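Encoded as structure tokens, the structure appears first; notes follow it.
The values are calculated or read from the model by the stated rules, or taken from the named source; none is laboratory data. What you see is a predicted model; the values in this text were computed from it and never measured. Because the Cβ atoms are built from the backbone with ideal geometry, glycine has one as well, and the counts that use them run over all protein chains shown.
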Amino acid sequence: MSDSDKSFAMEQNMYRIINRVLSEIPEVVELTSEGFQSFMTDISSALGRKVYKGIYLKRNKSGVFVIVSVSIIYGVSVPDVAEKIQHMVKTALESEISDSVLGVDVVITKIIK
């Protein structure tokens, strides 16, 4: 398997892990494509990379940086939910892959009643 194939497989695995983790957080309604997604689609298509709704990964030799864009339910503490997402995504990725997680940014685009 070539290095690019290994990198692609690693990213696919990270997307699956992040999707699974977010589906386990009851306050998260869905991944959203608002905000950075249209910008990332243009960049990623120019680089020949696949874009996943609401998830952006940036990898380098030091590790991976994650941005997730989500909608959450009305009536919850936004800072608490964002912190929960950061912690759960970081913990899951670090326990299931060999890369360090440099950071997890959370973009909350909608609050749904």
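Within region 89-109, if we keep just the residues that are part of a helix (DSSP H, G or I) and within 11 Å of the chain's Cα centre (by Cα), the residue that is nearest to Leu22 (Cα to Cα) turns out to be Val89. For region 20-41, the candidate set comprises residues that are in contact with a Gly (Cβ under 8 Å, 6 or more places away or on another chain) and part of a loop (DSSP other than H, G, I, E, B); within that set, the residue that is modelled with the lowest pLDDT is Ser33.
Say we look at region 85-98 and pick out the residues that are charged (D, E, K, R) and either surrounded by fewer than 17 Cβ atoms within 10 Å (Cβ to Cβ) or touching a Phe, Trp or Tyr at 6+ places or on another chain (Cβ under 7 Å) (or both); which of these is farthest from Lys58 (Cα to Cα)? Only one residue fits best here, namely Glu96. Within this structure, Ile17 passes the test of being modelled with pLDDT of 95 or more, surrounded by fewer than 18 Cβ atoms within 10 Å (Cβ to Cβ), of a type in the set (Val, Ile, Thr) and in contact with a helix residue (DSSP H, G or I) (Cβ under 7 Å, 6 or more places away or on another chain). Among the residues of region 65-83, those that are part of a strand (DSSP E or B) and either of a type in the set (D, E, K, R) or out of contact with any helix residue (DSSP H, G or I) (no Cβ under 7 Å at 6 or more places or on another chain) (or both) comprise Phe65, Ile67, Ser71, Ile73.
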